[in-house]
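The values are calculated or read from the model by the stated rules, or taken from the named source; none is laboratory data. Being a predicted model, the structure only gives us computed values, none of them experimental. For neighbour counting, all protein chains shown are included, and Cβ atoms are generated from backbone atoms with ideal geometry for every residue, glycine included.
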């Protein structure tokens, strides 16, 4: 936590690809900012997007610029590693925000236990039903094939 005088500033962190930016992205960022004083957002690099066996439509630098200009976001950093704990070691955030599609997965149970040891809380937000960059891409592909 950063300190301003006697006040403690709560630092939040979330990350994502943020390709084909949509209302689900905006809702997550808005809700996250409501629970912290300073919101840091990691934007997944083009190389790291391949971990999902996908390719981003919008280039990394452009995605970072889009996210940087969302009023709820205070700082944007590149995410060049999927290890959230390494990001915590670098940024020292107090809260990590993530979609609830990861809730109770083995990976996040392990990460939650690791974060608890250093005082970091993970907050799971409801996943936006019916909207995703993948769905937008699939819809566009179908429209082009008609």
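Structural remarks
- Evaluation of residue 68 against (1) buried (at least 20 other Cβ atoms within 10 Å of the Cβ); (2) more than 20 Å from residue 121 (Cα to Cα); (3) within 14 Å of the chain's Cα centre (by Cα) (one fails), failing number: (1)
- Residues of the stretch 107-129 satisfying the condition of being modelled with pLDDT under 90 and in a loop (DSSP other than H, G, I, E, B): 126, 127, 128, 129
- Any hit, the stretch 51-63, residues being surrounded by 20 or more Cβ atoms within 10 Å (Cβ to Cβ) and modelled with pLDDT of 90 or more: yes
- The conditions of being out of contact with any helix residue (DSSP H, G or I) (no Cβ under 6 Å at 6 or more places or on another chain), over 21 Å from residue 115 (Cα atoms), without any contact (Cβ under 8 Å) to a residue 60 or more places away in the chain and surrounded by 15 or more Cβ atoms within 10 Å (Cβ to Cβ) are not met by residue 76.
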